[in-house]
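The values are calculated or read from the model by the stated rules, or taken from the named source; none is laboratory data. This is a predicted model, so every value here is computed, not measured. Neighbour counts are summed over all protein chains in view; Cβ atoms, including those assigned to glycine, are modelled from backbone coordinates with ideal geometry. Remember, those area values only see protein heavy atoms, side chains included, never the ligands or the DNA or RNA. Shrake-Rupley method; radii C 1.70, N 1.55, O 1.52, S 1.80 Å.
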Amino acid sequence: MARMPPTPPEDVAARPRHRWIVEVLLAVVVVHSVVLALWLAPSSPLRDAVGDERLASYVDPYFQQGRDAVGVGTQQVDESFSVRAFVAPDGGGKGSVTSWVDLTRLDNRANAHALAPRRVHLIARRLATNLNLAMFNLTATQRKVVRKLTADDLPSAVTVSLDKAGGRPAAVRFFQAYDQMATQFASLYAQSRWAGEGRVVQVQFRVGRRTVPPYAQRASASLDDQPFLDFSFGWRRVFRGSLEARETFDSFVGER
């Protein structure tokens, strides 16, 4: 009968290391499961000893998900993207400012019964999400700079002003990238929306964010009852865009 070859020395030496890795992973899984169990459990001495804030900071610090509402489809945060414009009459004369238009609200209506929403109906919400994040990444002093920006401020000058106000250079670059995207999107939308009223000279946008009410108030209030907390941005010079881009937005606005 043939004998099995001896186990190579390197395999023997690797076994304790592999066992140690598996034990660490099992410990992580156990701790994770215990924390989630405490988060979902009703009030108890053990849960109170750990503390709601510690559990919330581990489970989901951004969405603030309550222990009574766990699920992929649960909406805990709502964001908005609104646009308005300064329009000058074609025949000359004094221009006027339009009313605000909440594009995310219009997109919600368009997507209500759509199994596969068109990409153009998702842009406004994605811009709102990234602009909210960009503003939270800036310091309080930098946010004051942003609120005071005008259409005459060049991007290079804005960079200098934000850098002088402190904070991280990466946060400034992130903000300016999405500020430019939002300016172009708002410009193309405004030119299609208010084309019949004259020439769009400047645009302004704002983003809002609201979260679900505290757990104790959810029996009488919902996310829709909460007001938006807005980040307001200064006026921007209109971005004209290509003829193809303007025609695409003409079709997009015509659907609303």
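Brief remarks follow.
- Residue within region 199-208 that is open to solvent by less than 20 Å² (accessible area, probe 1.4 Å) and outside any strand (DSSP E or B) present: no
- All positions within region 127-148 that are open to solvent by 40 Å² or more (accessible area, probe 1.4 Å) and more than 8 Å from the chain's Cα centre (by Cα): F136, N137, T139, A140, T141, R143, K144, R147, K148
- Among the residues making up region 62-99, those that are closer than 25 Å to R206 by Cα, at pLDDT 60 or above and exposed (fewer than 12 other Cβ atoms within 10 Å of the Cβ) are K94, S99.
- Flag for Y178 being of a type in the set (S, T, Y), free of Cβ contacts under 8 Å to residues at least 60 places away in the same chain and either more than 18 Å from L106 (Cβ to Cβ) or in contact with a helix residue (DSSP H, G or I) (Cβ under 7 Å, 6 or more places away or on another chain) (or both): yes
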